[in-house]
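The block underneath contains the structure these notes are about, expressed in structure tokens.
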Amino acid sequence: MNTEKISYKKPLLETPFHKRTSEHCYANDWYRWAGYKVAKEYSSTELEYTSMRNTAGVIDITPMHKYEIKGKDAKKFINKLITKNITNIQSNQVAYGIWCNEDGMVIDDGTIFCLNENHYRIFCAERNLNWFCDTATGFNVTIEDISSSIAALAFQGPLSCKILNLLKVENIENLKPFHFDNYKLENQNVTISRTGFSGDLGYEIWCDPSQAIDVWDSLFKFNRDYKVLAAGMNSLEMVRIEAGFIQPNADFMSAEQALRPNRMRNPYELGLGWLVNLDKEYFTGKQALIRHKEKGPEKKLVGLDVEGDKPAMGSVLYDNSKKNIAKEIGIVTAAMWSPVLKSNIAIGFVNKEYYKLGSNVYAEIYHPEELDYRKIWAECKVVKKQFFNNPRRNAIPAFI
Amino acid sequence: MNKSKYDVAIIGGGHNGLTTACYLAKAGLKVVVVERHDYVGGAAVSRELHPGWTYSNCSYVCSLLRPEIFRDLELSKHGLQIIPYEGSASMLNDGRFYAHYQDHDLTYRSIAQFSKKDAEAYDRFGKDVMRQCKIIKPLLKMTPPDPTSFSPKDIMSLFEFAKYFAAKDELGGLGEKEIYDTIRFWTMSVRDYLEEYFESEIVKVHLAGSAIIGTALGPYSPGSAYVLLHHYMGEVDGTVGAWGYARGGMGSITKAMASSFKSKNGEIKAGSPVTKILIKNNKSYGLVLENGDEIYADKIVSNLDVKRTFLKVVEEKELPNDFYKAVKNFKIRGSSGKLNIALDDLPIWKSIPEGDPAGTGDLHITQNIEEMEGAYDDWKDGKWSQFPYVDMCIPSINDPTMAPQGKHYMSVFIQYVPYNLADGGWTEEKRLEFGKHVMGRIGNYSTNFNDIINHAEIRTPKELEAEVGLTEGNIFQGELTMDQLMFNRPVPGYAQYKTPIKNLYMCGSSTHPGGGVMGAPGANAAREILKDLNKKLSTHYI
């Protein structure tokens, strides 16, 4: 817990990297993330995005919520919490999981780091302390919010491993995806995981807040040869859409936060059925998930390949090429022009008649054009959400 | 003796009487509002009771006033403006303070100082309360159906009621779980309700305040959670649950309404106490004023509370026995006091720094739920609370019209103060002692409060009753408990603004949906009267 005395004049916290992020943030364009100030755009979203696909980008992800789970029932607790089975998880392994409420509606997703049999850390987008504590009842386990005690950077891009290697991070190229270990980075003891939100080769670096500035600076050390950029939230949004990663309260409402019950979504609707293990013994939401699976989703989150080049931001989706007889069958939750794919891509919900790959739906796009809106009726093909998936992402050893 | 004839005569110029009057005048009817005082407003008044200072001397903050009414009555054009709150705080005995701000992240951090879990739970709580507000909001505008009637109108209306609960579609409809939650919320004690979310005492007691204001219930009393909901269902510009100041004090609301009414050719007879409603063959046809003048009207509407209407201005012999009994049994207990204080300077709080927005909204000094319940125990024993719950604010910080430059006006609402004291009733000495006691309590949290008091108006339930006419000084015109809400408000069988006397209607807070400066009872009553007159009116509300 940050014990700094609060003042109404400073409603937002600064991360341990703030000294550097504010120096780099020429655009002075900030975003609120969990009560912290993080850069939305440093200087150019396009270039920041490009760095993550061409060299490497550095993103301050400190505001991410971090929970420490300790105790002899730690694994049992996590198995009750999440929908997949982590019984076989090993130390230094990372699991991606989701957790649902009793109705089988998704609350949040996150990465679960196994430090040892009795010690885990969960990193996630939303606050979950109450939910975790509710779930922990009856288990020999302690749950602590350690969000402010760990500083974190995402270091994402094809040269990320090469640069860490140049920084003499020993054997980093052999770290497997969804694994982590302790390393020495320029005399600093840090934890590095091969995880990230970009769908590309990349790492997340976890350290004590006191080391933050040194860790940040080291990543830029080879900038004359390999240009690394500080990347803001706007560019992170772009790479995550290309990678087909979904976000609570952007693509779906967290079941803990949805005001309207009909806005909650089950894993099958989100295309996350592969994370649900119904053979596992009792876990939160199991009974409801059995029913959801049997019934099949009424609507589903899919990828959309959209005609033309105007992003279908917030578009309503229809079933017919003729506007006058078209019926509403879905909604777009995220959309962008993808520079790397040279494609107009989107993520959205479509009703069950349309979620088969290859189905055609139509988006009504309101494109602002010189103080007017051009209304575009764009054909969209239903495709996999994972638009971008480069083999270097999972290559072992990683490219150096 | 003067005799005059109108389509509608309304007894009482409170905010609901004026709301009814405005809608009826808008529909082209010849309407008169008959008011006892020389000024209108009822309990929504701004009065200069100390030279240079304007006191909102009864109600003091605004949230519940329905925006549709604001719009229909063109209250902006007639001078009304609402200023949103910037924050609120509870001051602790240990020198810290607990605050809520407009900034959500700041509020989170403020609560996290006391409990991280509670800071997070506040969002859960907010969501659940908001859900309940969403259910209740459409009900406010509805005339409660009679569940025992088989008339098509009532059956349709019951169906509408049910639809909000059962529908799972875009209507704001809720599922099974939410119906359970609703029933629990409407019947639980606020202490039990808050206990399900929070662990920190200061968080609980800060939030529990809304559940006891104006009511003769304690935080442990079943039904008190609903009162919290009642205070949360208002809004300021779409922010549900938000409160604000009426610029110029609460009287600005009724002044604007009166001006709107006059612009539609409405007539206000001020300084005209009504002594009797004229009834013949079970039909009302007019009013008698204190000066002997008579006013005749096709429809009579009472803005007075149900007890005052039927036990004071209607003769008992005109009423059915059961109705008379139900009115007598209607719970309308005085439990609140009010101080209006002229300050020579801004109070310096021991805990809240000057300029902090938390100090500009509602301020509290109760430390925990036990202390709050203890305050209620004193009331039950017929004493004013030794450690009273106060809801105080300094509107002049945000409203430049309330006090001379450099000076301030402070409103202090006090819970609990009995209508009758156990030790032989109220006297002038006891009233002053009560005021001194409350000011002494507040003074403990400030370094200069005792030295900057220029004038104080001290009001017990007796004064509230004598001035506003509210029976026992109950600010809601009757307790907001389930036995007196919806189709049971004010009494079973008469929840549709009608009375056993033909052509006599009710429009005050004794009727659905109840108290607060909301205007909904007044507007609902207008709609029923227009229906009976086969008059059509198309507005945002009706």
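Give A:Ser149, A:Ser91 a once-over and let me know the one that is under 28 Å from B:His104 (Cα atoms) and open to solvent by 10 Å² or more (accessible area, probe 1.4 Å).
Exactly one of A:Ser149, A:Ser91 is under 28 Å from B:His104 (Cα atoms) and open to solvent by 10 Å² or more (accessible area, probe 1.4 Å), namely A:Ser149.
Do we have any residue at all in segment B:56-71 that's under 30 Å from B:Trp349 (Cβ atoms), in contact (Cβ under 8 Å) with a residue 24 or more places away in the chain, out of contact with any Gly (no Cβ under 7 Å at 6 or more places or on another chain) and of a type in the set (Ser, Thr, Tyr)?
Yes, there is a match, as at least one residue in segment B:56-71 is under 30 Å from B:Trp349 (Cβ atoms), in contact (Cβ under 8 Å) with a residue 24 or more places away in the chain, out of contact with any Gly (no Cβ under 7 Å at 6 or more places or on another chain) and of a type in the set (Ser, Thr, Tyr).
Can you name every residue in segment A:241-268 that is part of a loop (DSSP other than H, G, I, E, B) and either within 14 Å of chain B (Cβ to nearest Cβ) or touching a Cys at 6+ places or on another chain (Cβ under 9 Å) (or both)?
To start, the set of residues in segment A:241-268 that are part of a loop (DSSP other than H, G, I, E, B) comprises A:244-247, A:249-251, A:254-260, A:265-268.
Within segment A:241-268, A:Asn249, A:Ser254, A:Ala255, A:Glu256, A:Gln257, A:Ala258, A:Leu259, A:Arg260, A:Asn266, A:Pro267 meet the criteria.
Within the group A:Lys72, A:Lys76, A:Lys80, which residue is of a type in the set (Lys, Arg), at pLDDT 95 or above and in a loop (DSSP other than H, G, I, E, B)?
Result of the check over A:Lys72, A:Lys76, A:Lys80: A:Lys72.
Could you please give the count of residues in segment B:106-115 that are facing chain A (nearest Cβ under 9 Å) and small (Gly, Ala, Ser)?
Here the count works out to 2.
In segment A:159-182, which residues are open to solvent by 30 Å² or more (accessible area, probe 1.4 Å) and free of Cβ contacts under 8 Å to residues at least 40 places away in the same chain?
A:Lys168, A:Glu170, A:Asn171, A:Asn182
Has segment A:310-321 got any residue that is under 30 Å from A:Trp131 (Cβ atoms) and either of a type in the set (S, T, N, Q) or within 14 Å of chain B (Cβ to nearest Cβ) (or both)?
No, there is no match, as no residue in segment A:310-321 is under 30 Å from A:Trp131 (Cβ atoms) and either of a type in the set (S, T, N, Q) or within 14 Å of chain B (Cβ to nearest Cβ) (or both).
Only one of (1) touching a Gly at 6+ places or on another chain (Cβ under 8 Å); (2) within 30 Å of B:Glu48 (Cβ to Cβ); (3) modelled with pLDDT of 95 or more fails for B:Lys331. Which number is that?
Exception for B:Lys331: condition (2).
Being outside any loop (DSSP other than H, G, I, E, B), more than 30 Å from A:Leu289 (Cα to Cα) and more than 14 Å from every other protein chain (Cβ to nearest Cβ) is true for just one of A:Ser51, A:Ser43. Which residue is that? Give the steps one after another, and end with the answer.
Details: A:Ser43 fails: outside any loop (DSSP other than H, G, I, E, B).
Criteria check complete, one pass: A:Ser51.
Pick from A:Ala335, A:Ala363: which is under 25 Å from A:Leu47 (Cα atoms) and crowded, with 21+ Cβ neighbours inside 10 Å?
Going through A:Ala335, A:Ala363 in turn, just one is under 25 Å from A:Leu47 (Cα atoms) and crowded, with 21+ Cβ neighbours inside 10 Å: A:Ala335.
Pull up segment A:217-240, narrow it to residues that are open to solvent by less than 10 Å² (accessible area, probe 1.4 Å) and either part of a loop (DSSP other than H, G, I, E, B) or of a type in the set (A, V, I, L, M, F, W, C) (or both), then point me to the one that is nearest to the other protein chains (Cβ to nearest Cβ).
Looking at residues that are open to solvent by less than 10 Å² (accessible area, probe 1.4 Å) and either part of a loop (DSSP other than H, G, I, E, B) or of a type in the set (A, V, I, L, M, F, W, C) (or both), I get A:Gly232.
Just the residues that are free of Cβ contacts under 8 Å to residues at least 12 places away in the same chain and over 27 Å from the mean Cα position of the chain (by Cα), please, taken from segment A:356-400.
A:Pro368, A:Glu369, A:Glu370, A:Leu371, A:Asp372, A:Tyr373, A:Lys375
Only one residue in A:Val58, A:Val38 is in a strand (DSSP E or B) and within 15 Å of A:Ser148 (Cβ to Cβ). Which one?
After ruling out the rest, the residue left standing is A:Val38.
Is there a residue in segment A:187-210 that is at negative phi and in a helix (DSSP H, G or I)?
Yes, that holds for at least one residue.
Are any residues in segment B:116-163 without any contact (Cβ under 8 Å) to a residue 40 or more places away in the chain, of a type in the set (D, E, K, R) and more than 14 Å from chain A (Cβ to nearest Cβ), and if so, which ones?
B:Lys153, B:Asp154, B:Glu160, B:Lys163
Report, by residue number, each residue of segment B:324-349 that is within 15 Å of B:Lys307 (Cα to Cα), open to solvent by 10 Å² or more (accessible area, probe 1.4 Å) and among the aromatic types (Phe, Trp, Tyr).
B:Tyr324
So that you can scan it fast, the table gives a plain yes or no per residue for (1) more than 14 Å from chain B (Cβ to nearest Cβ); (2) in a strand (DSSP E or B); (3) of a type in the set (A, V, I, L, M); (4) in contact with an Asp or Glu (Cβ under 6 Å, 6 or more places away or on another chain):
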site: A:Val94; (1), (2), (3), (4): yes, yes, yes, no
site: A:Thr111; (1), (2), (3), (4): yes, yes, no, no
site: A:Ile122; (1), (2), (3), (4): yes, yes, yes, no
site: A:Asn130; (1), (2), (3), (4): no, no, no, yes
site: A:Ile143; (1), (2), (3), (4): no, yes, yes, no
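Do we find a residue being open to solvent by 50 Å² or more (accessible area, probe 1.4 Å), over 22 Å from A:Asn249 (Cα atoms) and either touching a strand residue (DSSP E or B) at 6+ places or on another chain (Cβ under 8 Å) or within 14 Å of another protein chain (Cβ to nearest Cβ) (or both) anywhere in segment A:25-40?
no
So which residues in segment B:495-515 are under 16 Å from B:Pro320 (Cβ atoms) and either of a type in the set (Val, Ile, Thr) or assigned to a strand (DSSP E or B) (or both), if there are any at all?
Passing the criteria: B:Lys498, B:Thr499, B:Ile501, B:Lys502, B:Leu504, B:Met506.
Output the residue which, of all residues in segment B:370-387 that are open to solvent by 90 Å² or more (accessible area, probe 1.4 Å) and part of a helix (DSSP H, G or I), is nearest to B:Gly337 (Cα to Cα).
Once the filter is applied, the top-ranked residue is B:Lys380.
Just a yes or no: is a residue in segment A:372-386 touching a helix residue (DSSP H, G or I) at 6+ places or on another chain (Cβ under 8 Å), open to solvent by less than 50 Å² (accessible area, probe 1.4 Å) and among the β-branched types (Val, Ile, Thr)?
yes
Select from segment B:66-105 the residues that are buried (at least 22 other Cβ atoms within 10 Å of the Cβ), within 14 Å of another protein chain (Cβ to nearest Cβ) and not in a strand (DSSP E or B) and list them in ascending order.
Within segment B:66-105, B:Tyr85 is the sole residue that qualifies.
If a residue has to be open to solvent by less than 50 Å² (accessible area, probe 1.4 Å) and within 14 Å of chain A (Cβ to nearest Cβ) to count, how many in segment B:350-369 make the cut?
8
Quickly run through segment A:1-24 and pick out the residues that are hydrophobic (A, V, I, L, M, F, W, C) and either open to solvent by 60 Å² or more (accessible area, probe 1.4 Å) or away from every other protein chain (no Cβ under 14 Å) (or both). Please lay out each step first, then the result.
We begin by selecting, within segment A:1-24, every residue hydrophobic (A, V, I, L, M, F, W, C); these are A:1, A:6, A:12-13, A:17.
Of everything in segment A:1-24, those that are hydrophobic (A, V, I, L, M, F, W, C) and either open to solvent by 60 Å² or more (accessible area, probe 1.4 Å) or away from every other protein chain (no Cβ under 14 Å) (or both) turn out to be A:Met1, A:Phe17.
What number of residues within segment A:192-216 satisfy the criterion of being open to solvent by less than 30 Å² (accessible area, probe 1.4 Å) and either touching a Pro at 6+ places or on another chain (Cβ under 7 Å) or among the β-branched types (Val, Ile, Thr) (or both)?
8
How many residues, within segment B:518-540, are free of Cβ contacts under 8 Å to residues at least 40 places away in the same chain and open to solvent by less than 60 Å² (accessible area, probe 1.4 Å)?
Total meeting the criteria: 0.
The values are calculated or read from the model by the stated rules, or taken from the named source; none is laboratory data. Source: prediction; values computed, not measured. Because the Cβ atoms are built from the backbone with ideal geometry, glycine has one as well, and the counts that use them run over all protein chains shown. The accessibility values were calculated without ligands, DNA or RNA, using every heavy atom of the protein model including side chains. Shrake-Rupley method; radii C 1.70, N 1.55, O 1.52, S 1.80 Å.
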